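I have placed the structure first, in the form of structure tokens, so that the comments after it can refer back to it.
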């Protein structure tokens, strides 16, 4: 039993035997302990327990049944409500997941483990915990005493499926959480926000996603948390923006602005509001106002978050290209490109490249346009960016058709079709905006 627990925790922490016993004992001795061929000394257990972030007494217990629901519930609440999770807690939960306590504890344990893994970008382990939990956890019919634990378990499963781009499955889990909604406005907002998010991706008609986001907004307002309310209003504005309803998008941003005082130190929120004003004015064709807001956005973020300033420069370049102000567009693109070069190890800015390419098209620099489009298409193939690849191939196909280059047009239209097939297989839809966690 002791050896099994040591091995389980060592594997969980991705530690080799050599790393675990370094400075403590030999690998051969650890192997004997893990295989039940040697009884570990008290000193060995204390040293190993420290490295495994677990209390030595937990390793020694003949059974973990003495771990109470109250203890587990406290860890659950600390993590879900205050994002507090200690190494010793997660090690204990890992052991509990393998020793099969009662159903309520299992629901709590797996809600934490699944969330811990996907929050730590360990999706393979999150999936493993999820599939293991499906074999042993009962959540279809739970007692009144198990409802809160079932809620957090189902919620964690829903978010995991979002991370895996399995939006239909995520929707099913979030709909189930409605059965167990606690009397907590923040938790209700979490659920309806995620239902809005997944329905934005699985339904062409946006009525349902807007219905859920409205419900989430009503609940998040009741929490009195201005920061999260502002973030959610900006999320709502993006939804309205994406369906060409600039006036409703503007209402959301104006409401968000009221909640962020002029002297607020959170530049990220203030700058996001200013950027959103710029996008809405741009959509409405109010060019002077949009330029003013994008310049203000740049002045705010450039000294503190220079990587974000490229968003403003890209929008200004976009407007200049539409206005055929080539000198200005070249200047703004250069500014955006300089930022992209500085952060190229972090990301490749495809949008800057697109703006540059379409400048060639508008200026009828056809050779450059064709060459750069083909290069970006190759990049999309290499990076499995099927959404952008489909768009580019369609654009290039129309261009070749208009140039009466029918063989070239047929070739890239076929490429667009291949991208679309792969896109449908992955069921990925990319939407401008951001996902945040409550």
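Conditions (1) at pLDDT below 90; (2) under 30 Å from residue 238 (Cα atoms), marked per residue:
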site	(1), (2)
99	yes, no
110	no, no
159	no, yes
171	no, yes
188	no, yes
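Listed here are the residues, each with its yes/no results for (1) modelled with pLDDT of 80 or more; (2) touching a strand residue (DSSP E or B) at 6+ places or on another chain (Cβ under 8 Å); (3) surrounded by fewer than 15 Cβ atoms within 10 Å (Cβ to Cβ); (4) closer than 26 Å to residue 168 by Cα.
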{"site": "373", "(1), (2), (3), (4)": "yes, no, no, no"}
{"site": "404", "(1), (2), (3), (4)": "yes, no, yes, no"}
{"site": "409", "(1), (2), (3), (4)": "yes, no, no, no"}
{"site": "427", "(1), (2), (3), (4)": "no, no, yes, yes"}
Query raised in the report: Could you count how many residues in segment 166-207 are touching a helix residue (DSSP H, G or I) at 6+ places or on another chain (Cβ under 7 Å) and without any contact (Cβ under 8 Å) to a residue 12 or more places away in the chain?
Result: 2
Query raised in the report: Could we say that residue 333 is more than 28 Å from residue 229 (Cα to Cα) and either at pLDDT 95 or above or outside any helix (DSSP H, G or I) (or both) here?
Result: no
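Residue by residue through segment 129-160, note down the ones that are part of a helix (DSSP H, G or I) and under 17 Å from residue 171 (Cβ atoms). Please lay out each step first, then the result.
Filtering segment 129-160 down to residues part of a helix (DSSP H, G or I) leaves 129-136, 144-160.
Passing the criteria: 130, 151, 153, 154, 155, 156, 157, 158, 159, 160.
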Query raised in the report: Hey, any hits in segment 277-285 for a residue that's closer than 30 Å to residue 204 by Cα, surrounded by 15 or more Cβ atoms within 10 Å (Cβ to Cβ) and under 21 Å from the mean Cα position of the chain (by Cα)?
Result: no
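Could you tell me whether any residue of segment 208-228 is touching a residue at least 60 places away in the same chain (Cβ under 8 Å) and either under 23 Å from the mean Cα position of the chain (by Cα) or closer than 30 Å to residue 81 by Cα (or both)? Walk me through how you get there before you give the answer.
Here is the first cut: in segment 208-228, the ones touching a residue at least 60 places away in the same chain (Cβ under 8 Å) are 220, 228.
Add one more test, that the residue is either under 23 Å from the mean Cα position of the chain (by Cα) or closer than 30 Å to residue 81 by Cα (or both), and what stays is 220, 228.
There is at least one residue in segment 208-228 that is touching a residue at least 60 places away in the same chain (Cβ under 8 Å) and either under 23 Å from the mean Cα position of the chain (by Cα) or closer than 30 Å to residue 81 by Cα (or both).
Residue under question is residue 165, and the condition is that it be over 24 Å from residue 7 (Cα atoms), in a loop (DSSP other than H, G, I, E, B) and within 24 Å of the chain's Cα centre (by Cα); does it hold? Step through it out loud before you land on a result.
Numbers: over 24 Å from residue 7 (Cα atoms): yes; in a loop (DSSP other than H, G, I, E, B): yes; within 24 Å of the chain's Cα centre (by Cα): yes.
Yes.
The values are calculated or read from the model by the stated rules, or taken from the named source; none is laboratory data. Source: prediction; values computed, not measured. Quick reminder, even Gly has a Cβ in these numbers, built from the backbone with ideal geometry, and neighbours come from all protein chains shown.
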